[in-house]
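The values are calculated or read from the model by the stated rules, or taken from the named source; none is laboratory data. Model, not experiment: these values are computed from the prediction. For neighbour counting, all protein chains shown are included, and Cβ atoms are generated from backbone atoms with ideal geometry for every residue, glycine included. Ligands, DNA and RNA are stripped out before the accessible areas are found, and what is left, the full protein with its side chains, is counted by its heavy atoms. Shrake-Rupley method; radii C 1.70, N 1.55, O 1.52, S 1.80 Å.
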Amino acid sequence: GCSTEQEGSAPQASAEDCLNADEAQAAYQSSWSSVAEAFELEDFQPTDEQVCQVDTATWKAEPKQGDSYRVAFAAQGPTNSWGVLSDEALRYHADELGVDVLYAAANGDATTQVDNIQQLASQNPDAMVVVPMGDGISGQVKAAVDQGIPVVLCSGVLPSSSGAVSTVTRQYDLLGSAYAEWIAKKLDGKGKVAILSGLAGVPTAEYQKAAAETTFEKYPDIEVVTTQYTEWSPTVAKTVAQNLIASYPDLDAIWSDSGYGALGVAQAYEEAGKPVPPITGDAINDFILATDGKDVQYALSTFPPEMSSTCLDTALGLVKGEPVLDKVYIDSPSFTDADGATYARKDCDGGLLVPSSAPEPLLTELKMCKA
Amino acid sequence: MTDAPTTTTTTTTSRLSRLSSVLAPMAGLATVLLLAAVTTPQLYTPEVMRLVLFQIGIIGIAALGQTLVLLTGGIDLSISGAIALTSVVLAVTTNGSDDRLVTALVLSVVAGLTVGLVNGALVVLRGVPPFVATFASFVLIQGVIIAWTGGAPSGRIPDGLSWLGSGRLFDVIPVPVLVFGVLAVVVGVVLERSTAGRRLYATGLNRDAARLSGVRTGLVIGSCYVASSLLGVVAGLVNASFTGYVDAALVRSLNLDSIAAAVIGGIALTGGRGRIGNTLIGVVLLAVLLTWLIQLGAGGGAQLIVSGAVIVLAVFMQGRRLRIPGTTAGKKGQQ
Amino acid sequence: MTVSQRTALGAREVTKSFPGVRALDNVSFACRPGRVHALLGENGAGKSTLVRILTGDQSPDTGTVVVDDVEVALGSPREALAHGVVPVYQELTVLPEMTVLDNVMLGQEVRRRRWLDSRRQLDVVREALERVSLGEVSPTTLAGDLSLANQQLVEIARAVVRRSPVLILDEPSAVLSGDKLEALHDVVRTIAASGTAVVYITHLLEEVHELADDVTILRDGAVVSTGPVAKYDTDRIVREMVGRQVEQVFPDPPDHGAAVMLRVSSLVPRGSDAAPVDLDVRAGEIVGLAGLVGSGRSRFLRTLAGARKRATGTVELDGDTVKASINATIDAGVVLVPEERKRDGLVLDLTVSDNTTLTSLGAVSTWGLLRTQREENAFAEERERLDIKTAGPRQLTRQLSGGNQQKIVIAKWLQVSPRVLLLDEPTRGVDIGAKNEIYRIIRELAAEGMAIVIASSELAEVVGLAHRVLVFRDGAVVGEVGRNTESSEKIMHLALGTAS
Amino acid sequence: MSAATVARPGPSLSSLVRGGGAVWVVVAVMVVWLSAVRGGGFWSTGNLAALLSGAVVLGLVALGQHIVVLTGGIDLSVGSMVTLTSLLTAVLINGYPIRTVPVVVAIVLIGALMGGINGSLVSIAGLPPFIVTLGMLYLVSGVALTVSPTPDGRVTSALTGFATSTFGPVPAPFLVLLASVVVIWALLTRTAWGRHVFAVGGDQHAARAVGIGTTSVLMRAYVVSGTLAGLAGVLLAARTAIGSPTAGTGLELSAITAVVIGGTSLLGGRGSLLGTMGGVALLSLITNSITLLQFPSTLTDLIRGLIIIAAVAVFVVKRKE
Ligand SMILES: Nc1ncnc2c1ncn2[C@@H]1O[C@H](COP(=O)(O)OP(=O)(O)OP(=O)(O)O)[C@@H](O)[C@H]1O
Ligand SMILES: Nc1ncnc2c1ncn2[C@@H]1O[C@H](COP(=O)(O)OP(=O)(O)OP(=O)(O)O)[C@@H](O)[C@H]1O
Ligand SMILES: [Mg+2]
Ligand SMILES: [Mg+2]
């Protein structure tokens, strides 16, 4: 094998193979249009994406052990409140359905997850749900699929080379560019913007940032004056924001990928006695509560952790031979400061992403909300 | 050969060598300040300088604890664990209300004491290398926090503490830097002027000789780990009250700033060498550097590259002093 | 036999300064093939510094090193070795965690192609060990498990394997006695006979006439005299070394009290399988401990002082039991001047004053804060009493000569007004002038009523100082010898196990 | 006499620890326990393969760390070196089969080069290893992020095929680890350089005094460590197929833990390869068993922490009195 051709660059499945595409395509479009509507964006087009139905005959199977299905879950692990809820929502749903779960946590690390997937696959589960920690796990996902285990990607994407049967997620591109478009609208296409990304090198952060950068490039009069990392920590975000205030006193808006980032920024501006510029982020309860009754303009959306229960449904659908799409796009409410108050949950933990579609009993069980 | 003239030579040489030990970090500081003047002149505005001061406070408090441990010839990787643990204890026990603040403070101190005692016991009683002992307790602290909070900690820090993190004296000087200043003076006096400090230096320089002279070296070393963890608790209080929220990101990150600051300033890893002034300069250098890097708006990669280069460079400049003394085979005796 | 006029190894006008000290001052020196050249001088005269320069371990400020009549620049010991200059440094360089075999072959491994040739190595090591009288030691034992004396011999075995034209031995005999010392002398003689030039540094002046062909004497970093050994009797050597007349006389020790002050009953150090030791010492009494190297004196003293764990035994002071911990022992007033001064006795990088007050910090402080004035007064007092030669209280202890360092150790203990003073090899590596002063101090302290136990490998010293001498063999006391004319002989017999 | 015999048990444990055997006892106990609790699951070919391939990267890095620690140093930069080399492997190959061999060779050389930088700063400039490699940790991570802040590049199917191919239950990459262990073992025990590593770590001044070129000994130790990190990077890239700028984060601490649990002294000059590999085996087993036994996810870190702390407390090599 010393071909000078690049491997795997051939285009994948062509349009003709695509089954039952229309309905699926509509679901995809709607996940974009709902954001466009919430943020009142006029020209917000989804990126090209083709959604098809999976040929379920390939994956239909009886439980390999006992009467109930065993689904392996390669999770992110409880490294933050998102991870906790993602884990627990899937388990809760599995309990409801009477499905066994084989669990492994990556603690946010792709390399660990490679080992996890291999080990889970070796336990020969009926299906596998993977919350991808980075493209690096593609090879191992492929190996699991080749081994005959249907793999559903959950809350993230992998290159098509991974061979994953279905992907259940909300799009990073969607969030990144929606926030950027909202800012552009607020600024009328003109002004100085700072980008506050999460953790350098981590796909979740980098893909959203890249989408934002692409969007801002469309507006010649919007200047991205600086790009900083908040490590998704309010402490770091506040420190960074204080620096921004000092060096760019005339900043017009701040693009942030996280509510924790936004929280730190809001605090820094308030302490400096300056109005908080329009800001974006994900909808953590803390941020909404903290800005309640204050004049802060924001646009928030979520990347809901409880979508993991949909991931489980999808995986079970595969093995039961039910119709399943190869890409399932999760929609989640997006909102701006106008509706913030209606989404705030005083009875819940600050780290909760609102509105949460997780079952209330689960939230109380996890002590995230009061009963 | 030991007549009058040598007296002056020895005192001047020792004064010179003391000066030279802070010369390298001073040069580093000057370099960074100079680079900043060219690249980001806004660093010299009062607002940004205040941010530098704040950074000094935040990094400095932990660096003081680190200095004590480094002087015993140890190292404390668990400081960032103590910092995280404090904020979690605060949030969980108070749930954001001021009513149980005192209980929470007491519990934080107890938590800090426990961490310090575990470290001290591992190092002193079991002879575990400090690097590994404190790393192990760092992992354990993470485990405790995650098991306790059922995953990611979150919650509010009581407002009654917010002055500690965000307050300013006369509207100018950030409270954290004041806290650091007071603690630095205390640690400085202990090191330079107290019997405890003398015992600490003796232990760090030659543990065997100190022990045989009646110094309770185990107690000295153990106390340093406890002090370090307690200073970690103070740093944790400042840190938590800075934003008012528990920072889940802190729990997982092994923050080496305190070590970097002490070592850049000229505290030797071999123990017994270095003064509070060294730490002070190291802290200032690091604080200026970090602020400058943010001002520069360089990406994550460039920030890391510059930090790494500065660490290596700072130590390179004081390299001669840190080299294993060429004529003594005494490495083993000192541990 | 005609003496070759070639300079196998030499120095030309070498000067070397350290901060505050001129260690070598324009030193010239030459050593001829096949001859043993004794290098003598007080502590701190610069002998070891000269060795380090001759072997490339340090570089001279000015001057040059000559090897085989050619001036060479030596950048490291490695280069010196390449020129055939083999040193045995004063500080042990045996690695305790490695086997004897690896230690001997270190840096001169026998290789076949790129790999170690274990069989050849073993042969070489066996032969070398045999030569230094360590034939019974297995090459696979860890060097750290050997006694200090045997470790020193391993080091010499390492040098023997090199078969180099120049061999430098810096105080090789300091930790040797009896058979081992004889073995060392034999090795040195054979090596010299085979044409090697040997530089030999020692404080044992008897050795000089037994071994040396030539003598060079250093004083304060300068060569004061050099020539064939025949021209030097012991008196002259001592006079040139210290620059004045010195006489070693041991007047009778002052009378001691009758009441037993320190009572040690059936003491056994942990990890020892020797018979228990009993010892009674009266106020003002000086008890000597004699024995061959490795006979267990140091171990006994360390255990008595609480620095080592006891297996069994009790220690009583004036009838009160002393607990078996170092701090309890110190608090009771029993203190130890340890054998390894630099490792156990002093914090070399603290100042002389800091070291002196380390044991009595409570007394020089109020509320835990040190009072500089009180510290300096305390030091000044001891400096006066013990005649410590130092630039001042702020001088680093490292910069002091060996004898003065030893005085600092004693000074630090005098600070706590001890009842019992345990001294382990108090004059090892101490020059003759300082030695006499230490003897004077010991006698004075005894006269003040202190009980003193002194372990020493120098027979004359124990016999001369002590009221009575206990002889150790294999960790146990095998006899007691009083103060009389035949005591030395009796002690030797007891120590060697040849007593009838 | 009796007193002396009573005191025996101490030395035997300590000699077991010194020889590196102690940690294997624990590994054996864990294996027996896992077999009893989850026999089928544990001994399944798939699980064994997972266990073994999970150990490869850590094993290689620990191997390099072992040598550096023997010299009395420490290498905090190995994790970042693995990150950079694995990222570069993927980015440089980028799916072109023709590039596979030259890139793999180049990457291992890059590893050696980075090790060389560490080595020269430590040996020639005489700087403390802790800080040099801490600085390098930041520096190299920074370079990796500069090369690509997002997962990037792609290795060829030849490499991924190698990573996934097995001989029975033994994954091919594990054989690379085995081969490296054998080579390093031979270097340490059968060459003069190996002896010198111990000597330099035991007492650098003594080593210099007997004419050992301490500079080159140290230099080579760091170069070997870097080379092994490069090799680990290649294997990691082969396993993950795609390069990531954070792949090796935290590896250095695991590697140091493995070395210390294995009974090697951080002061240098003492330690056994057997022990270090035991440390790697133990850490891999812990990870494996956490998933195998399905511990509650919130307790896994606590369990891991408790085991590590117990292991270091029991298996630490004490200074001789
Ligand atoms: N590295 C050093 N730094 C400072 N001073 C030193 C150093 N090495 C030696 N000296 C000083 O140089 C002088 C000569 O020391 P040297 O060790 O050569 O004496 P010596 O003749 O070997 O004495 P001894 O008989 O005690 O071994 C002493 O005053 C010593 O304190
Ligand atoms: N590091 C060591 N490890 C094991 N055994 C040792 C060690 N050091 C000394 N020993 C043994 O302990 C015994 C007593 O040694 P010790 O040093 O107390 O004797 P000593 O009479 O004081 O001799 P020296 O004159 O060398 O001090 C000897 O048998 C010796 O071999
Ligand atoms: Mg000497
Ligand atoms: Mg002795």
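For the structure I just gave you, tell me whether residue A:60 is closer than 30 Å to residue D:149 by Cα and either in a strand (DSSP E or B) or open to solvent by 40 Å² or more (accessible area, probe 1.4 Å) (or both). When the stated conditions are applied, residue A:60 does not pass them.
For segment A:123-143, a tally of residues being surrounded by fewer than 24 Cβ atoms within 10 Å (Cβ to Cβ) and in a helix (DSSP H, G or I) returns 2.
Looking only at segment B:60-74, filter to residues that are open to solvent by less than 10 Å² (accessible area, probe 1.4 Å) and among the β-branched types (Val, Ile, Thr); which one of those is farthest from residue B:211 (Cα to Cα)? Talk me through it step by step, then tell me what you get.
Looking only at segment B:60-74, we keep the residues that are open to solvent by less than 10 Å² (accessible area, probe 1.4 Å), and these are B:60-67, B:69-71, B:74.
Remaining after also requiring among the β-branched types (Val, Ile, Thr): B:61, B:67, B:69.
Details: B:61: 29, B:67: 21, B:69: 18 Å.
Filtering first and then ranking leaves B:61.
When segment B:154-181 is filtered for residues that are surrounded by fewer than 15 Cβ atoms within 10 Å (Cβ to Cβ), in contact (Cβ under 8 Å) with a residue 60 or more places away in the chain and assigned to a loop (DSSP other than H, G, I, E, B), only B:172 remains. Restricting C:55, C:62 to those that are in contact with a Pro (Cβ under 9 Å, 6 or more places away or on another chain) and away from ligand 2 (no atom under 16 Å from the Cβ) reduces the list to C:55. Considering only residues of segment C:289-308 that are open to solvent by 40 Å² or more (accessible area, probe 1.4 Å) and either within 16 Å of ligand 1 (Cβ to nearest atom) or assigned to a loop (DSSP other than H, G, I, E, B) (or both), which is farthest from the other protein chains (Cβ to nearest Cβ)? Here the residue is C:292. Within segment C:466-500, restricting attention to residues that are at pLDDT 80 or above and among the β-branched types (Val, Ile, Thr), the residue that is nearest to residue C:422 (Cα to Cα) is C:469.
All of (1) out of contact with any strand residue (DSSP E or B) (no Cβ under 6 Å at 6 or more places or on another chain); (2) closer than 21 Å to residue D:163 by Cα hold for residue A:177 with one exception: (2). In segment C:440-453, is there at least one residue being within 21 Å of residue C:243 (Cα to Cα) and either within 16 Å of ligand 2 (Cβ to nearest atom) or away from chain B (no Cβ under 14 Å) (or both)? Yes. Tell me, please, whether a residue that is over 30 Å from residue C:264 (Cα atoms) and either free of Cβ contacts under 8 Å to residues at least 60 places away in the same chain or not hydrophobic (A, V, I, L, M, F, W, C) (or both) can be found in segment C:404-411. Yes - at least one qualifying residue is present in segment C:404-411. Scan segment A:25-57 for residues that are assigned to a helix (DSSP H, G or I) and within 21 Å of the chain's Cα centre (by Cα) and the total you get is 14.
Sort through C:65, C:27, C:36, C:51 and tell me the only one that's in contact with a Phe, Trp or Tyr (Cβ under 6 Å, 6 or more places away or on another chain), modelled with pLDDT of 90 or more and either within 16 Å of ligand 3 (Cβ to nearest atom) or on the phi < 0 side of the Ramachandran plot (or both). Only one candidate passes the filter, namely C:36.
Taking first residues from segment C:1-18 that are outside the structural domain of residue C:45 (by TED's automatic domain parsing) and within 12 Å of residue C:35 (Cα to Cα) and partners that are surrounded by 22 or more Cβ atoms within 10 Å (Cβ to Cβ) and at pLDDT below 85, no Cβ contact under 7 Å between residues at least 6 apart in sequence or on separate chains turns up. Residues that are open to solvent by 40 Å² or more (accessible area, probe 1.4 Å) and either assigned to a strand (DSSP E or B) or free of Cβ contacts under 8 Å to residues at least 24 places away in the same chain (or both) do occur in segment A:81-91, at least one of them. Among residues that are facing another protein chain (nearest Cβ under 7 Å), of a type outside the set (Gly, Ala, Ser) and open to solvent by 10 Å² or more (accessible area, probe 1.4 Å), residue A:147 is not included.
Could you tell me which of the residues A:223, A:217 is among the acidic types (Asp, Glu), surrounded by fewer than 24 Cβ atoms within 10 Å (Cβ to Cβ), within 14 Å of chain B (Cβ to nearest Cβ) and more than 21 Å from the chain's Cα centre (by Cα)?
Working: A:217 fails: within 14 Å of chain B (Cβ to nearest Cβ).
So the residue among A:223, A:217 that is among the acidic types (Asp, Glu), surrounded by fewer than 24 Cβ atoms within 10 Å (Cβ to Cβ), within 14 Å of chain B (Cβ to nearest Cβ) and more than 21 Å from the chain's Cα centre (by Cα) is A:223.
Filter segment C:39-72 down to residues that are among the aliphatic types (A, V, I, L, M) and crowded, with 24+ Cβ neighbours inside 10 Å and give me whichever is farthest from ligand 1 (Cβ to nearest atom). Checked segment C:39-72; the qualifying residue farthest from ligand 1 (Cβ to nearest atom) is C:65.
For residue D:313, indicate whether it is facing chain B (nearest Cβ under 8 Å) and open to solvent by 10 Å² or more (accessible area, probe 1.4 Å).
On the way: facing chain B (nearest Cβ under 8 Å): yes; open to solvent by 10 Å² or more (accessible area, probe 1.4 Å): yes.
Spelling it out, residue D:313 is indeed facing chain B (nearest Cβ under 8 Å) and open to solvent by 10 Å² or more (accessible area, probe 1.4 Å).
Within segment C:467-495, the set of residues being away from ligand 2 (no atom under 16 Å from the Cβ), open to solvent by less than 10 Å² (accessible area, probe 1.4 Å) and not β-branched (Val, Ile, Thr) comprises C:487 only. Out of all the residues in segment D:75-129, which are outside any helix (DSSP H, G or I) and either within 12 Å of chain A (Cβ to nearest Cβ) or at pLDDT below 90 (or both)? Matches in segment D:75-129: D:94, D:95, D:96, D:124, D:125, D:126, D:127, D:128. Looking across D:240, D:249, one residue alone is open to solvent by 10 Å² or more (accessible area, probe 1.4 Å), farther than 14 Å from residue D:76 by Cα and at pLDDT below 85. It is D:240. Residues that are assigned to a loop (DSSP other than H, G, I, E, B) and away from chain A (no Cβ under 13 Å) within segment B:110-153 comprise B:126, B:127, B:128, B:129, listed in sequence order. Among residues of segment D:163-220 being open to solvent by 50 Å² or more (accessible area, probe 1.4 Å) and among the polar types (S, T, N, Q), the one that is farthest from residue D:100 (Cα to Cα) is D:204.
Please work out which residue is surrounded by the fewest Cβ atoms within 10 Å (Cβ to Cβ), limiting yourself to segment D:252-285 and to residues that are in a loop (DSSP other than H, G, I, E, B) and of a type outside the set (Ser, Thr, Tyr). Please lay out each step first, then the result.
From segment D:252-285, those in a loop (DSSP other than H, G, I, E, B) are D:262-272; that's our starting set.
When the remaining residues are screened for being of a type outside the set (Ser, Thr, Tyr), the result is D:262-263, D:266-271.
Numbers: D:262: 31, D:263: 27, D:266: 21, D:267: 18, D:268: 26, D:269: 26, D:270: 24, D:271: 27.
Taking the candidates together, the pick is D:267.
Among the residues of segment C:142-158, those identified as open to solvent by 10 Å² or more (accessible area, probe 1.4 Å) and either within 13 Å of chain D (Cβ to nearest Cβ) or away from ligand 2 (no atom under 16 Å from the Cβ) (or both) are C:142, C:144, C:145, C:146, C:151, C:158. Scoring residue D:256 on the criteria (1) within 25 Å of residue D:193 (Cβ to Cβ); (2) in contact with a Gly (Cβ under 9 Å, 6 or more places away or on another chain) leaves a single failure, condition (2). Return the residue satisfying two criteria in turn: it lies in segment D:28-50 and is facing chain A (nearest Cβ under 8 Å) and more than 21 Å from the chain's Cα centre (by Cα), and of such residues it is surrounded by the most Cβ atoms within 10 Å (Cβ to Cβ). Checked segment D:28-50; the qualifying residue surrounded by the most Cβ atoms within 10 Å (Cβ to Cβ) is D:47. Can you report the number of residues in segment A:150-165 which are open to solvent by less than 20 Å² (accessible area, probe 1.4 Å) and assigned to a loop (DSSP other than H, G, I, E, B)? The total comes to 4.
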